[in-house]
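Reviewing the structure listed below.
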Amino acid sequence: MPPAELVATLEHLTERVLDEDCVDLTLTGAGPLRASDGRPTTESVLDRRYTTQAILDEELAIADWADERWSRPGTPARLAGADGLDPAQVNAAAFAAGTDPLVAIVGPAGTGKTTMLRAAVNHLVSDGRPVFGVAPSAAAAEVLGHETGVDADTIDKLLVEYSTPRRLPEPRYLLPAGTTVLVDEAGMLATPKLADLTALADHLDWRVVLVGDPLQFSAVGRGGMFQHLLDHAPDGAAIENLDRVHRFSAEWEADASLRLRRGDITALDDYDEHGRIHGALTAADARRQVIGRWRDLRARGDDVVMLAATNDSVTELNRAAQRLRLAAGEVVRPLRRVTLGDGTQVFIGDEVQTRQNDRSLSTDAGVSVKNRHRWIVDEVGTDGSVTVGDDERGRVTLPRSYVAESLDLAYASTAMAAQGRTVDHSLLLVEGPIDAAGLYVPMTRGREGNDVWVVTESGSPSHPVDVLADVMHRRWIDDPAINHTVLDDPVDLGF
């Protein structure tokens, strides 16, 4: 249609959706200067917030659920054999293994959250109390199970088991009343899934222990409710004193990481003084520096991860790493050219990662293929299939269709994919917009070192520390709609 007509049509549709289907969260009082639509003339369109009644109902249900559970406090467990835990870890583990119907624990990067949970799980099991773990992703659930000993799966799988009509859940998911459900990476849990879990927990009388960090990456989709619950928890109900960082070999880095998490830009001075912040005039130059550092650290036998904000940057880093390995004779071109989901060609010996959960694909050790699993390529079939292996998970042949869509090189990955991972060295490339979480998470993955390369070709600010200081002021974490409601005026909100 003609441009003028198209604009008018879009305007009409937008107004119709806003009027008929949305709740306005930017209601304002009377003012002297108003536009024709009744809005203040000083208001930016970026200040406008809308939601739907269904979203508000979902968020309010979660908030009411938490309030009701916090009104019935229990008692913490008396842990035995908690050697090696600091006092804050002992306290958190005691509450996780206690009788409170709802426990919320904040675990900043490197503070020993997994060690704490292992102690809690051991106590629950020794007491004969059932416990089950869930996480937003299959890889995170696998790590949770492996490192704490708890039986764990994705939140999606647990919810599907209880929502499939005309059949009982599989025996593994038949959790009796009183079961403690550990929710790891709670800050990444999407609001609809948290709402479903809270309803299920009430229906089946489960305890819920939410563990995460609201200042790391949030959910893919609507999120932010973990932070909301922490903000509105009664005094002492949320455990936020896990503040002793155990991960880093350098003492200064433990303190600097906590300040980085809080948004204290003076932490950047510490990283800069210790040679962790690097500048580059172009993205190509930055990638060369990152790859060079990656090559040197790998030659020493260190576990290294390269991280970037965009898929394009990740692909370029992966290709550069593959070329270096090919030149060194560490990978071999197969007889058949097979292209992966990221557009790169796969070589025998390459490090790859699967990007889609597929429970129909299992290794010879009985482990199903999960998103973010890392593998070594053993064979490339003439039919386009790829056989990959891992010392712990075993070997599996991935069919051509899966390879073409859901298998990527794994020398580099996006920053979000690194959450929950610990390596010797983390190398971050910043060549575009990121927020504070996009800096904090990558800069806390490495035990021995965490470095960042900043591209400064865009001009002002030109110093890499100044660029990162600007990054630390950005927070892209979701903000729930109920944070912007006027609950004493339900008519205007459409309740």
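The values are calculated or read from the model by the stated rules, or taken from the named source; none is laboratory data. Because the structure is a prediction, the values reported are computed rather than measured. Quick reminder, even Gly has a Cβ in these numbers, built from the backbone with ideal geometry, and neighbours come from all protein chains shown. Just so you know, the surface numbers come from the protein's heavy atoms only, side chains and all, with ligands and any DNA or RNA stripped out. Shrake-Rupley method; radii C 1.70, N 1.55, O 1.52, S 1.80 Å.
In the set VAL209, VAL220, only one residue is surrounded by fewer than 23 Cβ atoms within 10 Å (Cβ to Cβ) and either touching a residue at least 60 places away in the same chain (Cβ under 8 Å) or over 17 Å from THR99 (Cα atoms) (or both); that residue is VAL220. Only residues that are surrounded by fewer than 17 Cβ atoms within 10 Å (Cβ to Cβ) and outside any helix (DSSP H, G or I) were counted in segment 87-100, giving 1. Each residue in segment 395-405 was checked for being surrounded by fewer than 15 Cβ atoms within 10 Å (Cβ to Cβ) and closer than 18 Å to GLY349 by Cβ, and 0 of them qualify. Just one of the listed residues (ASP296, ASP303) is loosely packed, with under 13 Cβ neighbours inside 10 Å and acidic (Asp, Glu), and it is ASP296. A residue that is basic (Lys, Arg), modelled with pLDDT of 95 or more and surrounded by fewer than 18 Cβ atoms within 10 Å (Cβ to Cβ) occurs somewhere in segment 123-130.
On the stretch given as segment 314-331, residues that are touching a helix residue (DSSP H, G or I) at 6+ places or on another chain (Cβ under 8 Å) and surrounded by fewer than 18 Cβ atoms within 10 Å (Cβ to Cβ) total 1. Looking across segment 334-357, just one residue is without any contact (Cβ under 8 Å) to a residue 40 or more places away in the chain and β-branched (Val, Ile, Thr), and that is ILE348.
All told, LEU13 meets the bar of being out of contact with any Gly (no Cβ under 6 Å at 6 or more places or on another chain), modelled with pLDDT of 90 or more, open to solvent by 80 Å² or more (accessible area, probe 1.4 Å) and hydrophobic (A, V, I, L, M, F, W, C).
Taking the numbered list (1) modelled with pLDDT of 95 or more; (2) farther than 20 Å from ALA415 by Cβ; (3) not in a helix (DSSP H, G or I) in turn, ASP296 passes all entries but (3). The set of residues from segment 182-197 being farther than 9 Å from PRO136 by Cα and crowded, with 22+ Cβ neighbours inside 10 Å comprises LEU182, GLY187, THR191, LEU194, LEU197. Tell me, yes or no, whether segment 310-333 has at least one residue that is modelled with pLDDT under 95, under 23 Å from the mean Cα position of the chain (by Cα) and either over 23 Å from VAL455 (Cα atoms) or not in a helix (DSSP H, G or I) (or both). Yes; the residues of segment 310-333 include at least one that is modelled with pLDDT under 95, under 23 Å from the mean Cα position of the chain (by Cα) and either over 23 Å from VAL455 (Cα atoms) or not in a helix (DSSP H, G or I) (or both).
The residue pairs whose first member lies in segment 271-297 and is more than 16 Å from GLU448 (Cβ to Cβ), whose second member is surrounded by 18 or more Cβ atoms within 10 Å (Cβ to Cβ) and among the β-branched types (Val, Ile, Thr), and whose beta carbons are closer than 6 Å, counting only pairs six or more residues apart or on different chains, are ILE277/VAL452; GLY279/VAL454; GLY279/THR456; ALA280/VAL455; ALA283/VAL455; ALA286/VAL455. Filtered by the rule that a residue be among the β-branched types (Val, Ile, Thr) and either modelled with pLDDT under 95 or open to solvent by 20 Å² or more (accessible area, probe 1.4 Å) (or both), segment 223-260 gives a lone residue, VAL245. Scanning segment 354-388 for residues that are in a strand (DSSP E or B), open to solvent by less than 10 Å² (accessible area, probe 1.4 Å) and closer than 18 Å to TYR411 by Cα turns up THR354, TRP375, VAL377, VAL386, VAL388.
Can we say ASN311 is out of contact with any helix residue (DSSP H, G or I) (no Cβ under 7 Å at 6 or more places or on another chain) and crowded, with 21+ Cβ neighbours inside 10 Å?
Taking the combined requirement at face value, the residue does not satisfy it.
Output the residue which, of all residues in segment 422-462 that are in contact with a strand residue (DSSP E or B) (Cβ under 7 Å, 6 or more places away or on another chain), open to solvent by 30 Å² or more (accessible area, probe 1.4 Å) and part of a loop (DSSP other than H, G, I, E, B), is farthest from PRO108 (Cα to Cα). Among those that are in contact with a strand residue (DSSP E or B) (Cβ under 7 Å, 6 or more places away or on another chain), open to solvent by 30 Å² or more (accessible area, probe 1.4 Å) and part of a loop (DSSP other than H, G, I, E, B), it is GLU431. Identify all residues within segment 332-348 that are in contact with a Leu (Cβ under 9 Å, 6 or more places away or on another chain) and exposed (fewer than 15 other Cβ atoms within 10 Å of the Cβ); write none if there are none. VAL332, ARG333 - these are the residues of segment 332-348 that are in contact with a Leu (Cβ under 9 Å, 6 or more places away or on another chain) and exposed (fewer than 15 other Cβ atoms within 10 Å of the Cβ). The residue list LEU124, LEU159, LEU168, LEU117 contains one member that is touching a Lys or Arg at 6+ places or on another chain (Cβ under 8 Å) and hydrophobic (A, V, I, L, M, F, W, C), which is LEU159. Residues in segment 410-421 that are closer than 19 Å to ARG276 by Cβ and either part of a loop (DSSP other than H, G, I, E, B) or β-branched (Val, Ile, Thr) (or both): ALA415, ARG421. Among the candidates ARG247, ARG259, single out the residue that is among the charged types (D, E, K, R) and in a loop (DSSP other than H, G, I, E, B). Unique residue meeting the criteria: ARG247. A single entry from GLY110, GLY81 fulfils the requirement of being on the phi > 0 side of the Ramachandran plot and open to solvent by less than 30 Å² (accessible area, probe 1.4 Å): GLY110.
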